[in-house]
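What follows draws every value from the coordinates through simple rules; no lab data is involved. On a predicted model such as this, the values are computed, not experimentally measured, just so you know. We place every Cβ from the backbone using ideal geometry, glycine too, and count neighbours over all the protein chains shown.
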Amino acid sequence: MRPDLPRTHRTLATRKSPSKRLPSKAPAKRVRKRAAVRDGEAPEPVDDSLAAMREAAMGCKRCPLWKPATQTVFGEGPDDARVLVIGEQPGDAEDLSGHPFVGPAGKLFDRALAELGLDRARFYVTNAVKHFKYEVRGKVRLHRSPNGSERAACRIWLERELAAVKPDVIVCLGAIAARSVLGSKFRLMAERGRWQALADGTRVLATVHPSFVLRQRGDEERHAAYAQFVADLSLLKRARGRT
C-alpha cells in the first residue's frame, strides 16, 4: 500500500477494477475573493488572533503612509508574552525586511537586553505606527516623525495587539510610543525610568528610543545616554514575574 496516496487512490492501486473508470474529481474549492480596500480603510481580521491581525494589517490604507512604504511592519513575538515592547515606527531596515527592530536602533536595543541578561525572544515587539515615513535625500531614506493623524489611524492595530497579548508589562521606547499608551500629556524626559500604571493594573515603563542614543554626537554623550538607557531597562529585571 502506498502511504503517500489518499485512501481512494490506495484502493485503486491495490485492487484491479473490471472497468477502467477514473476516480471522480473532488469538488473544486471556492476561492474567497478579498474585498478591495479603499484609501482610508483597512481589512477586518477574520478573528482576534495576532496572525489574523497581521494579515489584515498588510492591506491597511487607513493613512497615506502605505503608499511610499515597502510594506506593513507588524509586531512579532510570543502571543502570550509577559512583556510587550512598543517603538515609534519602522526604519529603513525594518521597511525592507518586514521585521521590527532589526536596524541600528534594534541592534542597540538587543545589546542592552543582552547586558541585562534579558531574552528578547520572550518579548512581543511592535511599533506605534506600522509604516515607514521618510524623505529621500540623495540615495538615503531619512526618518520623519509620523504626525497626529497618522498615529491615530494606526492606533487600532496597537490596541488590538495589546488586547490579544495581554502583557503584564509594557515598555515604551520613545515619546510617540509613551504617549500612545500613557496619554498626550506624558513627559518622557521628566518621567522616564519610572513605573507607571494603567487603569487595569498593567505596568508601564517608558524610556528613550534607542535612536536617541545613536544621535548623540560625542562619544562621552553617547556613552552616558546608553548607560542611562540600560539603567532604565534594568527595572524589568526586578519586575514581578521576572521577564
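Here are the numbers for the structure shown:
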{"quantity": "Mean Cβ neighbour count within 10 Å, used as a protection proxy, ranking 212-218, 93-99 highest first", "calculated": "93-99, 212-218"}
{"quantity": "Protection proxy ranking of 106-112, 192-198 - average other beta-carbon atoms within 10 Å, highest first", "calculated": "106-112, 192-198"}
{"quantity": "Anisotropy class of region 148-216 from Cα gyration tensor, a/c 1.5 cut", "calculated": "oblate"}
{"quantity": "Rounded, prolate or oblate (a/c below 1.5 giving rounded, otherwise prolate when a/b exceeds b/c) for region 46-113 by Cα gyration tensor", "calculated": "oblate"}
